[in-house]
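A short write-up of the structure that comes next.
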Amino acid sequence: MARNPHRPFHPDPAQMAVAPAVSGNSINGLGEMDRRQPRMVYWAPDPDDIPHGELQRWFYTVEPPDPAMATARIERRKLTAMEIPEVTGDPAERTPAAWTEELQRFVEQGLCERIGVAEMTPDWVYEGHEVRQSRIVIAGVQHDYEAIATAPEWTAGTEVVRQYGRASLVAKKIAAWLRLDGWPAEPVTGPMTGAVTMIPPAIACGFGELGKHGSVINPEFGSSFRLSAVLTDAPFEPTPARTFGIDDFCQSCRVCENACPPEAIAADKQTVRGQEKWYVDFDKCLPFFNQTYGCAICIAACPWSRPGVGLNLAAKLARRAERTGS
Ligand code: SF4
Ligand code: SF4
């Protein structure tokens, strides 16, 4: 195994000086046997609302060596703040399948690369928040692989910010379309998503499976993408979940574990709020993440993220499953 060039990692004492006493893993419910709603651990719209708020502020004090990241952040904030029209007229009527079909035009227009819909559940709403809408539309935008492969350099972080900008724009466009068709709709943009967590609905609506590195993986983009969402009551037909054997693949792959500088990625699944799942140690990940403009090494290193590789891997796993009848 090649030596990890980022180990050993020593967190900046200035960063650790603002770390809270409470563990992010406790906030996330690591080791808890009972199901409960998630608690917001990071990326709070108001950092004062979370124990790790000072660390969230610290993230933005790390100066990239190039103005491109600052420019991308300004652009993302503009898109996130973009006004959209009020709800107009009576709600348009379509069949649930036709509503969902209409969403493909946002992919065709190049505003996002994948889109899906899930029926909303309180399990995806942060404690203390309420979501009344019945549907969550999830849009995915793909990173430029060459840029993300430079992680943990500022160029990868800048690509992440750019894609969050694109993700914000498509969420605004979808919400604007729905409102002009008479349906209330609220865009949810990242990374500060407000009331909802986006990974579980993304998995539910066909974006793929949870990988060992804690991000969603699919054969088309690997885990090299960002998400945004729209909450609405427009009667979209939910899109089905998709599995490709990725969960199983992760059992025997150690690429992200070995690539992660602070060794935050565990070899085995853990119990989190009553569910056995892949889990990244928040307390170990965050200091490196904060010092490297959002890190992204695990996303870049994952074999599924390499262009063209994911589809071949999925085809191979499908052939193996057919042979073995599993
Ligand atoms: S983002 Fe976190 S988990 Fe992923 S490689 Fe970086 S430090 Fe490790
Ligand atoms: S690098 Fe390997 S173990 Fe990690 S998420 Fe990707 S496939 Fe799974």
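Which one is farthest from the chain's Cα centre (by Cα), of the residues in the stretch 108-153 that are of a type in the set (Gly, Ala, Ser) and under 17 Å from Ala171 (Cβ atoms)? The selected residue is Gly110. Condition first: touching a residue at least 12 places away in the same chain (Cβ under 8 Å), out of contact with any strand residue (DSSP E or B) (no Cβ under 6 Å at 6 or more places or on another chain) and over 30 Å from Asp123 (Cα atoms). Can you find one or more residues in the stretch 18-39 that meet it? Yes, the conditions are met somewhere in the stretch 18-39. Taking the stretch 2-109 and the helices (runs of 4 or more DSSP H) fully enclosed by it, the elements with 3 or more residues that are over 29 Å from Trp278 (Cα atoms) are at 67-81, 96-102, 104-108.
Taking the conditions (1) in a helix (DSSP H, G or I); (2) among the hydrophobic types (A, V, I, L, M, F, W, C); (3) more than 16 Å from ligand 1 (Cβ to nearest atom); (4) over 17 Å from Glu113 (Cα atoms) in turn, Cys256 satisfies each one other than (3).
Could you tell me whether Val170 is more than 10 Å from the chain's Cα centre (by Cα) and in contact (Cβ under 8 Å) with a residue 60 or more places away in the chain? The answer is yes for Val170. Applying the criterion of being within 11 Å of ligand 1 (Cβ to nearest atom) and among the small types (Gly, Ala, Ser) to the residues of the stretch 259-310, the residue that is surrounded by the fewest Cβ atoms within 10 Å (Cβ to Cβ) is Ala266.
Every residue, every condition in (1) of a type in the set (Asp, Glu); (2) surrounded by fewer than 22 Cβ atoms within 10 Å (Cβ to Cβ), yes or no:
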{"position": "Glu83", "(1), (2)": "yes, yes"}
{"position": "Glu86", "(1), (2)": "yes, yes"}
{"position": "Pro91", "(1), (2)": "no, yes"}
{"position": "Arg94", "(1), (2)": "no, yes"}
{"position": "Val107", "(1), (2)": "no, yes"}
{"position": "Leu111", "(1), (2)": "no, yes"}
{"position": "Ala151", "(1), (2)": "no, no"}
{"position": "Thr158", "(1), (2)": "no, no"}
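Here the stretch 203-236 is the region considered, the condition is being away from ligand 2 (no atom under 13 Å from the Cβ) and within 11 Å of the chain's Cα centre (by Cα), and the residue that is nearest to Leu178 (Cα to Cα) is Ala229. Quick one: what pairs do we get from the stretch 245-256, first residue closer than 16 Å to Pro219 by Cα, second more than 8 Å from ligand 2 (Cβ to nearest atom), C-beta under 6 Å, 6+ apart or different chains? Taking only residues 6 or more apart or on different chains, the pairs are Gly245/Leu317; Ile246/Glu209; Asp247/Glu209. Elements of the type helices (runs of 4 or more DSSP H) sitting completely within the stretch 260-326 and holding at least 2 residues that are under 25 Å from Glu220 (Cα atoms), at pLDDT 95 or above and within 12 Å of ligand 2 (Cβ to nearest atom): these cover 297-301, 309-324. Residues in the stretch 178-198 that are touching a helix residue (DSSP H, G or I) at 6+ places or on another chain (Cβ under 9 Å) and either without any contact (Cβ under 8 Å) to a residue 12 or more places away in the chain or among the β-branched types (Val, Ile, Thr) (or both): Val188, Thr189, Val196, Thr197. Applying a threshold of 6 Å to beta carbon distances and a minimum spacing of six or more residues, or different chains, the list of pairs starting in the stretch 261-272 at a residue that is farther than 17 Å from Ala296 by Cβ and hydrophobic (A, V, I, L, M, F, W, C) and ending at one that is modelled with pLDDT of 95 or more and in a strand (DSSP E or B) reads Val272/Leu30.
Within the stretch 235-251, which residues are in a helix (DSSP H, G or I) and either in contact with a His (Cβ under 6 Å, 6 or more places away or on another chain) or more than 16 Å from ligand 1 (Cβ to nearest atom) (or both)?
If the condition is that a residue be in a helix (DSSP H, G or I) and either in contact with a His (Cβ under 6 Å, 6 or more places away or on another chain) or more than 16 Å from ligand 1 (Cβ to nearest atom) (or both), then Ile246, Asp247, Asp248, Phe249, Gln251 are the ones that fit.
The values are calculated or read from the model by the stated rules, or taken from the named source; none is laboratory data. This one's a predicted model, so the numbers in the text were calculated from it and none came from an experiment. Cβ sites come from the backbone with ideal geometry, for glycine too, and all protein chains shown count toward neighbours.
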